[in-house]
Amino acid sequence: MLKYRLIFEKTDTAVFISHLDTMRTLQRIFRRADIPVKYSQGFNPHPIMSVVLPLSVGQSSLCEVLDFESESALNLKELPGRLTPFCPHGIRITDARLALGKISAIKWVEVTGTLYGLTQSPDLAALCGSGATITKKTKKGELQLTLSECVRQPELSANADGSQTLRLFISAQEPSFNPELLRQVLGYARAEYRRVSLRTADFEGWA
Amino acid sequence: MNSPVFSYLDFIRRANFREQFAAFSKNPRRMLCHATLRRALFFCPIRAICQAHAKMPCKNGVNVVLFTHMIDTTILNEILPLVQKPARYTGGEYGETVKPGAALRVALCFPDLYEIGMSNLGCRILYGSGNAEDGIAVERVFAPDKDFREQMTKNGVPLYTLETKTPVSECDIAAFSLGYEMCFTTVLDMLHLAGLPLYSEQRDSLTPLVVGGGVCCYNPEPIADFFDLFIIGEGEEVNTEVYRLLERHRNAGGSKSAFLLEAAKIPGVYVPSRYETAYNANGTVAAISPRDDAPATVTKRIVRDFDSAYFPTASPVPSTEITHDRVSVELFRGCIHGCRFCQAGYAYRPLREKSAKTLIRQGKAAIAHSGCEELGLLSLSSSDYTELAALCDGLLPELSQKGASLSLPSLRVDRFSLELMRRALGLRKPGLTFAPEAGSQRLRDVINKKITEEDILNGLSSAFSGGWNTVKLYFMLGLPGETDEDVLAIAELTRKIYWTWKSAATDKKRPPRITVSTSFFVPKPHTAFQWAGQITPEEYMRRVSLLREELHIKNVVYNWHDAENSVIEALLARGDRRLSPVLERVWRDGGNLEGWSENFSFERWQNAMTDSGLELSFYTERQRGKDEILPWQTISIGVDASFLLKEAVRAETAATTPNCRESCSACGAAELCAENSVCPKITAGGAANA
């Protein structure tokens, strides 16, 4: 039994497909492409597949990770080309590999964001260096996150059309950090965020 | 190709558009590929881009086929993150058909939410069959849910098609699928969101032509004033003729009235503005007079050769969960039974089957294309399909190899179907459904529903001993001639079902779950009960209480439908043209998506009726005279009114009528001349040969 990993993009209209629907959509993509996935045992068998680090609806990504198991040996080179034609608009499989690297080794996500309606220009670096906190709502209640733990190397630059481009690293897990939370300190009207790459604790590329 | 015509916004921003365009494609020749074009346009900050099928030369000399007017998709990017389930409003699903250069654009409008509309097989058929035509693009439009509707209104986003984001007002046709009376106010809301005047006479230009189709059009009168024309019968048969005629008139710069005059000559097309209705002092219809040469009767069109008819095996696959999240094949159209209350049973006549060979091919193709986990076998009564065993044998091996399953709705429960379900579903044992419709044999004879108590108990006995334990039973209250004994017979039958479980069940520790549901009978046009009065909602509730007292049985749950919703359904089902202003008023008072009980308000309807000087009970409770002119009599479903009348008389004496396979009752549908139908062949003289 082999564990595989796909890297895929989620852009354009596909950013509005929720995490659960993305899972279901991917399962169907595999069935259309006739690529065998291992099913769980039991009363209600389901394909063994998982999309790690759920992405919020409305955010795009160039580096989503899907892990799955298959009992057949698959040709990794061919896999993206076999799957992509069966994807809805905005989903594209960019890479296939064996699932060797540990998911737990992902510590940072490189994110870019286009911010609209940003009225003040806060000193993000100073904010992240201080003990400032952000409130995150969870199922169990509210959680206070220290910015310095969740955000690294923020850079803000102005665009010609009046919007701002934000580039930063956010904590991927433990704690997971949704860039939308930055609205609390930045006070923008609207932002379009995009995951660009996944990084290890040392900000190295994660494979 | 027409010369490019730009709207004022395009004109100002044309240069900007070119830059945006070039930035999105490294290789300019790839711009012709519409996936790339879509991507460019999705982010293109231009509200409206270019008139239909114009070609615009770019700097490098590549001709780019442009979209029609598009809405500003940057606004969509702003508002979509704010609403529930935004994937319903984006399009871009796998399998959608995008035809940017089509000469004729049809907005196929479904007056309910995406998850309902995408579950509708009829819409998939019309979408696929229209798009299979050269130069015609059929694009989907669904009603927005409340939150998205609010954002659209606030941000000035008009109702748009999912495929190319073309405003409905820019399409050539807005074609509405009308399957359920409670969708009428949603139709008005969608016309409003599209920025179109509600009434046909207020829309001067030829396009967009507002067209209606579907089962509600067998009495289109309540909505007649809003529509330019109705397609009576099966759309896959007629639509293309209407599309082509419109295209010719549009290209020639013809007027709407000239087009409608021509369109009324197409068999199956009903142009309501060409008919005038006069009323008697007592409110009944005095006369329906066709103007000029409009036909006195419009007879429904059907697909005559159903086996070779178009079927969509490659429809869009929603990227979000929908109500019936599966693909389907249609075993047959029509029904042999002729239950006297059932509009579908009469309206889809004659019965036409597809061969198992065709269905196996279509089923396999649909599963392979969609990647869905479930294939539904659809029909009004699947047990009547002559090749059911062969069909399942042909489908099951491939489905199980792909890990997909069969779903078999509307199957009669007997030994044969239980064995079939065991094979199709393995260990899964879904609930079994019975629709005896009436509790006593006498009343079942009245409605010509030929299921006996013995059938039900024998079927359930096999089911319970085979490990099934969930049963759902559907009944109607308020059927013509129903007495309290008939109501109580429902409880008696339920008790017998419980005893059957007690004696047959293998595992008595696992209690059965028996659900009894009653709905409020709504008399429908073109049925044997089209003259019948609906009982009052108070009387319905009394019968509900009567039954409820008797249904305090262990493991039995009783659900009953809301009375008020069914009263309005009855009003609209048999209404006349005087209801158009009532519908407008209800919509203006906030009526929209009223099929969803949380959006329904009876008071709103009562107020609108009172203010229009109309009596609700005149439409719902009144028993029509057998010689009365009925508002829908311009429309013929192929079944003769004299046959319906005969059935109504037989119902009074509880005399049953044989089903179409036992013997032909000469309803008239044979004259629609379907191939491979159950009907006797028609000779040249028009008389049916047995």
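Details
- Residue pairs meeting the criteria (Cβ under 7 Å; at least 6 apart or on separate chains; first more than 8 Å from every other protein chain (Cβ to nearest Cβ) and free of Cβ contacts under 8 Å to residues at least 40 places away in the same chain, in region A:25-43; second among the acidic types (Asp, Glu) and open to solvent by 60 Å² or more (accessible area, probe 1.4 Å)): A:Pro36/A:Glu71; A:Lys38/A:Glu71
- Within region B:606-630, being among the β-branched types (Val, Ile, Thr) and within 13 Å of B:Ile568 (Cβ to Cβ) holds for one residue alone: B:Thr620.
- Residue count for region B:585-611, restricted to those that are open to solvent by 40 Å² or more (accessible area, probe 1.4 Å) and either assigned by TED's automatic domain parsing to the domain that holds B:Leu178 or of a type in the set (Asp, Glu) (or both): 4.
- Residue within region B:276-295 that is modelled with pLDDT of 95 or more, within 22 Å of the chain's Cα centre (by Cα) and not in a loop (DSSP other than H, G, I, E, B) present: no
- Residues (assigned to a helix (DSSP H, G or I), within 10 Å of another protein chain (Cβ to nearest Cβ) and open to solvent by 30 Å² or more (accessible area, probe 1.4 Å)) located in region A:5-24: A:Leu20, A:Arg24
Every residue, every condition in (1) of a type in the set (Ser, Thr, Tyr); (2) touching a His at 6+ places or on another chain (Cβ under 6 Å); (3) closer than 19 Å to A:Gly101 by Cα, yes or no:
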residue: A:Leu168; (1), (2), (3): no, no, no
residue: A:Asn178; (1), (2), (3): no, no, no
residue: A:Gln184; (1), (2), (3): no, no, no
residue: A:Gly187; (1), (2), (3): no, no, no
residue: A:Tyr193; (1), (2), (3): yes, no, no
residue: A:Thr200; (1), (2), (3): yes, no, yes
residue: A:Trp206; (1), (2), (3): no, no, yes
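- Pair list, Cβ under 7 Å, 6 or more apart: region B:400-414 residue under 30 Å from B:Glu453 (Cβ atoms) and away from chain A (no Cβ under 14 Å), other residue open to solvent by 50 Å² or more (accessible area, probe 1.4 Å) and part of a loop (DSSP other than H, G, I, E, B): B:Ser407/B:Arg326; B:Ser410/B:Leu380
- Apart from one condition, B:Lys508 fits all of (1) in a loop (DSSP other than H, G, I, E, B); (2) without any contact (Cβ under 8 Å) to a residue 24 or more places away in the chain; (3) under 37 Å from the mean Cα position of the chain (by Cα); the exception is (3).
- Qualifying helices (runs of 4 or more DSSP H) (wholly inside region B:556-672; at least 3 residues being under 30 Å from B:His337 (Cβ atoms) and out of contact with any Leu (no Cβ under 9 Å at 6 or more places or on another chain)): B:563-573, B:641-652
- Any strands (runs of 3 or more DSSP E) falling wholly within region A:92-157 and containing at least 3 residues that are open to solvent by 30 Å² or more (accessible area, probe 1.4 Å) and free of Cβ contacts under 8 Å to residues at least 60 places away in the same chain: A:133-138, A:141-146
- Filtered residue count, region B:340-355, keeping only those that are open to solvent by less than 20 Å² (accessible area, probe 1.4 Å) and either of a type in the set (D, E, K, R) or out of contact with any Cys (no Cβ under 9 Å at 6 or more places or on another chain) (or both): 5
- B:Leu380 being open to solvent by 60 Å² or more (accessible area, probe 1.4 Å), at pLDDT 90 or above and in contact with a Ser or Thr (Cβ under 8 Å, 6 or more places away or on another chain): yes
- All of B:Gly212, B:Gly233 fail the test of being assigned by TED's automatic domain parsing to the domain that holds B:Phe259, more than 30 Å from B:Gly92 (Cβ to Cβ), surrounded by 22 or more Cβ atoms within 10 Å (Cβ to Cβ) and among the small types (Gly, Ala, Ser), apart from B:Gly233.
The values are calculated or read from the model by the stated rules, or taken from the named source; none is laboratory data. Every value quoted in this text rests on a predicted model; they were computed, and no experiment measured them. Quick reminder, even Gly has a Cβ in these numbers, built from the backbone with ideal geometry, and neighbours come from all protein chains shown. Protein only, heavy atoms only, side chains kept; ligands, DNA and RNA dropped before computing areas. Shrake-Rupley method; radii C 1.70, N 1.55, O 1.52, S 1.80 Å.
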